[in-house]
1. Please tell me if residue 140 is loosely packed, with under 15 Cβ neighbours inside 10 Å and not acidic (Asp, Glu).
2. Which of the residues spanning segment 122-146 are away from the ligand (no atom under 11 Å from the Cβ), within 15 Å of the chain's Cα centre (by Cα) and assigned to a loop (DSSP other than H, G, I, E, B)?
3. State which residue pairs qualify: first residue farther than 22 Å from residue 30 by Cβ and within 11 Å of the ligand (Cβ to nearest atom) and inside segment 98-121, second residue part of a loop (DSSP other than H, G, I, E, B) and of a type outside the set (Asp, Glu) in any location, beta carbons under 7 Å apart, and separation of 6 or more residues or different chains.
4. Which one is nearest to residue 160 (Cα to Cα) among residues in segment 18-52 that are within 11 Å of the ligand (Cβ to nearest atom), in a helix (DSSP H, G or I) and not small (Gly, Ala, Ser)?
5. Specify the residue that is surrounded by the most Cβ atoms within 10 Å (Cβ to Cβ); the eligible residues are those in segment 53-89 that are assigned to a strand (DSSP E or B) and near the ligand (Cβ under 9 Å from one of its atoms).
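Derivation of every value follows stated rules applied to the coordinates shown; laboratory data play no part. Not measured: the values here are computed from a predicted model. Neighbour counts are summed over all protein chains in view; Cβ atoms, including those assigned to glycine, are modelled from backbone coordinates with ideal geometry.
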Amino acid sequence: MIKNDSEISGFFDFKILYDQIAEQIPNGSRFAEVGVFRGASLCYLASKVKELGKTNCQFYAIDIWKGRSDQNIFFANCIEYGVAEMIRPIRALSSIALLHFPANYLFSVMIDGDHRENQTVKDVKMSLHRTTDIVCGHDIHLPSVRRAVDKTIGEGNYDIIGNCWIYRKM
Ligand SMILES: C[S@@+](CC[C@H](N)C(=O)[O-])C[C@H]1O[C@@H](n2cnc3c(N)ncnc32)[C@H](O)[C@@H]1O
């Protein structure tokens, strides 16, 4: 059952974007979120996808989880939302974690980790190579993120939904 998204503390203000992705993701495909924190956004997406009957999707949760307690809260939230079996946590820097996915392995990546320009450029480039359909990210209002997305995707080649950017490959 989907709980109210305000029930997990975090930075989740992109329900509209995740509702679209939940509708579009094909059953059996894979999604990665870079920067998961306590799981507010990823638990919402996975439970929405589960509600739509696409129970064979896999969600990679990438985070450094500097604070162990945030990682434990994330695990507890996955269980509480009934999505633990769909989620694979990877505790690593995004540039290490993303290396492990082959080209076109993921349907989509959401980038909400280290928002500095150089790191965002790396995350976007690595995600473009590994996805078939969608690369998106949070905090486009930050100048560092905006510059990184303009450099990699190109100004005018992506859409804005709330505080997120989204690039559809097809
Ligand atoms: C803004 S929070 C994510 C919020 C989450 N998406 C939500 O909606 O609640 C950013 C997270 O990114 C993680 N992070 C920062 N730099 C990272 C990196 N280089 N690789 C992986 N995770 C990183 C932090 O540990 C933190 O949990």
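1. Spelling it out, it is not the case that residue 140 is loosely packed, with under 15 Cβ neighbours inside 10 Å and not acidic (Asp, Glu).
2. Passing the criteria: only 140.
3. 115/142
4. 18
5. 62
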